[in-house]
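What follows is a short report on a single structure.
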Amino acid sequence: MPYGDVLIHAGDFTELGLPSEVKKFNDWLGSLPYEYKIVIAGNHELTFDHEFMADLIKQDFYYFPSVSKLKPENYENVQSLLSNCIYLQDSEVTVRGFRIYGSPW
């Protein structure tokens, strides 16, 4: 990774948004030297979108069998696993005078 003060990772940091994937990504973020690390979920972070997950589980959607078997208590707080960054979901943060707004998927 190149040197910098601010890292913005805008989506698709997991394959399906499984808690184990989010933990691994968070550990990687923790190893980086950036002063600010800003993360926005992408369309691969399925578990971050609770409405989508509710529909997926109701339909037993076969494209994502490992995700559709997850119980809500296993993914409801998946964003809280991101402890090494500022996570934006329809929210903003000001860093070094720049306002950054994050809207996922």
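The values are calculated or read from the model by the stated rules, or taken from the named source; none is laboratory data. In this text the structure is predicted, and so the values were computed from the model without any measurement. Methodologically, a virtual Cβ is constructed for each residue, glycine included, from the backbone with ideal geometry; neighbour enumeration extends over all protein chains shown.
May I ask you to verify whether Val39 is crowded, with 17+ Cβ neighbours inside 10 Å and under 16 Å from Ser103 (Cβ atoms)? In short, yes. For Val93, indicate whether it is in a helix (DSSP H, G or I), surrounded by 14 or more Cβ atoms within 10 Å (Cβ to Cβ) and among the β-branched types (Val, Ile, Thr). So Val93 fails the test. Is it fair to say Ile100 is surrounded by 15 or more Cβ atoms within 10 Å (Cβ to Cβ), at pLDDT 95 or above and either among the β-branched types (Val, Ile, Thr) or not in a loop (DSSP other than H, G, I, E, B) (or both)? Answer is yes for this residue. Being in contact with a Gly (Cβ under 7 Å, 6 or more places away or on another chain) and crowded, with 18+ Cβ neighbours inside 10 Å: is that true of Val22 here? It is false that Val22 is in contact with a Gly (Cβ under 7 Å, 6 or more places away or on another chain) and crowded, with 18+ Cβ neighbours inside 10 Å.
Given the condition in a loop (DSSP other than H, G, I, E, B) and either modelled with pLDDT of 95 or more or in contact with a His (Cβ under 8 Å, 6 or more places away or on another chain) (or both), answer yes or no: does some residue in the range 63-73 qualify? No: the range 63-73 contains no residue that is in a loop (DSSP other than H, G, I, E, B) and either modelled with pLDDT of 95 or more or in contact with a His (Cβ under 8 Å, 6 or more places away or on another chain) (or both). Among the residues making up the range 74-90, those that are at pLDDT 95 or above, of a type outside the set (Phe, Trp, Tyr) and not in a helix (DSSP H, G or I) are Leu82, Ser83, Asn84, Cys85, Ile86, Leu88, Gln89, Asp90. Between Leu82, Leu16, Leu56, Leu88, the distinction of being over 11 Å from the mean Cα position of the chain (by Cα) and either exposed (fewer than 15 other Cβ atoms within 10 Å of the Cβ) or within 20 Å of Trp105 (Cβ to Cβ) (or both) belongs to Leu56 only.
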